Each structure stands twice: as structure tokens, then as C-alpha cells.
Amino acid sequence: MTWEEFFSYIQDILNFQLFKVSEAPVTVASILIFLLLITLFIFAGIWIRRTLNRRILKRFKIDGTSYTLSRVTQYLIISVGVLISFNFVGIDLSSLTVIFGLLSVGIGFGLQNVTSNFISGLIILFERPISVGDRVMVSNIEGDITEINIRSTMVRTVNNISIIVPNSEFVSKDVINYSHGDPTYRLDVNVGVSYDSDLDTVLKALKEVAVNNSSVMKNPEPEVHLIEFGDS
């Protein structure tokens, strides 16, 4: 096989028509271009979001809104990329209304959880009941929020385990946010010791541990109390 025959063979494969969408032919080449454009816009959205967070919005004190702005910007870029990709391959979006209508029926019946999490993600981003860095407890999961996505939220526990929590959990259930609006909060730590332990030494040791911890506030100062005697 000569090079001309090889390139002709590749061209025939790329120009092979897979199907039509309202008289618009969809070929292998158009599908590849569509996927390439979508991938480029996704990476562009991620790069712009990170650039906004690290170099631009970080310089302004916007009270947590910077994360929402950067996320919304990323999703807008991806949405525009989808529209441009469809038009670039010659598919008119008006011709996809029937397909989108059928998909909406499928979403209504089979993708209710995905839709619920998507809407909940928008509510979280704009209403901001939780923010990145907050210590929360939801569905018996306690940890720090490290990332808020459009479908789920990443919570890192005190054991350094990342748990992906659906966004609907933060909207439809009771959520304890220890640091909402204020990063300081009181934390009660129960410590059990033996009956043979010297009480004054235990109280003094626990107080020193709390005072020497750089994350503990000096005012008000930490307190140590004997609560009760255990069964054994």
C-alpha cells in the first residue's frame, strides 16, 4: 500500500457518515472534532478557574464569593464550548430539540437523583450555606469541606479520608456547620482515664495540652472539667 492509498483510506474512514441529525450528516471526523473541542473547553474552564482563584480573586476580599465566581465561570465556559462544538460540526441546536425533549423524559424518570444533586449544587454555590474550609457534619459524616462540585461535595474527615457526599444531602437534610460565618467554635473532647489516676495531675495535663496547642484560642481559654465517673 502506497502513502497515497493509505491517506485515501484514512480520509474515507474520516468521511464515513455515521448518521444524520435533521439532514445534517455526522461523520467520524465531525465526532472526533466535537470530542476534541469539548475536551479543550473543559481543560480551558479548569485552567481559568484555577487562575482566577490563585492570581486574581485571591487579591480581593470577597468573603468566600470567589469560589462561587470561579466555579460559575468554569461551567459557563464549558456550556459555551458545547454550543460552539455543536455548531462547528454543522449541527443546528434547533434540530436537537426533539432529542433534548426525549432526554428530559429520561431525566424525569431515571435520573432524578442526578438532577436533584445538580440543582442542589447550584443552590450551594449561590446561597453558600457551606464553603470550602468549613467543618461540617452531615449524615453522620464529620470533616472539612475541600471541594464543592456541581454534583457532589468532597469532605475530608479527621482521619484524612475523603468522602464524596451528594449535594442533595446538604440541601434536604440537617447540616451542622461548625464554622459558618465564623471559623472559631468550641469543641468538647471527652477523655476517659483510670480510677487509679491522680485527678489533679489529669486536669493539669489536659489543660497544658490545650494551652500549648496553637489551634486553640487563648481567649476564652480552654477549660477542663470532671463530668462523671464511669461504670468501671
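The values are calculated or read from the model by the stated rules, or taken from the named source; none is laboratory data. Predicted model only: the values in this text are computed from it and were never measured. Cβ: placed from backbone, ideal geometry, glycine included. Neighbour counts: every protein chain shown. With ligands, DNA and RNA removed, areas are computed over all heavy atoms of the protein, side chains included. Shrake-Rupley method; radii C 1.70, N 1.55, O 1.52, S 1.80 Å.
Here are some notes:
- Against the numbered list (1) under 15 Å from the mean Cα position of the chain (by Cα); (2) among the small types (Gly, Ala, Ser); (3) modelled with pLDDT of 90 or more, ALA205 comes up short only at (1).
- Residue, farthest from SER116 (Cα to Cα), within the range 162-198, restricted to residues that are touching a residue at least 12 places away in the same chain (Cβ under 8 Å) and of a type in the set (Val, Ile, Thr): VAL191
- Tabulated pairs, the range 220-232, first closer than 16 Å to ALA205 by Cα and without any contact (Cβ under 8 Å) to a residue 24 or more places away in the chain, second among the aromatic types (Phe, Trp, Tyr) and in a loop (DSSP other than H, G, I, E, B), C-beta under 7 angstrom, 6+ apart or interchain: none
- A residue that is in a loop (DSSP other than H, G, I, E, B), open to solvent by 90 Å² or more (accessible area, probe 1.4 Å), at pLDDT below 90 and in contact with an Asp or Glu (Cβ under 7 Å, 6 or more places away or on another chain) occurs somewhere in the range 160-180.
- Selection from the range 181-218 of residues that are open to solvent by 90 Å² or more (accessible area, probe 1.4 Å), among the basic types (Lys, Arg) and not in a loop (DSSP other than H, G, I, E, B): LYS204
- PHE19 at pLDDT below 80 and either more than 21 Å from ILE130 (Cβ to Cβ) or among the hydrophobic types (A, V, I, L, M, F, W, C) (or both): yes
- In the range 124-145, the residues that are open to solvent by less than 50 Å² (accessible area, probe 1.4 Å) and under 12 Å from the mean Cα position of the chain (by Cα): ILE124, LEU125, ILE130, SER131, ILE145
- Residue in the range 71-79 that is at pLDDT below 60 and open to solvent by less than 80 Å² (accessible area, probe 1.4 Å) present: no
- Any chance GLU221 is open to solvent by 80 Å² or more (accessible area, probe 1.4 Å), assigned to a helix (DSSP H, G or I) and over 30 Å from VAL114 (Cα atoms): no
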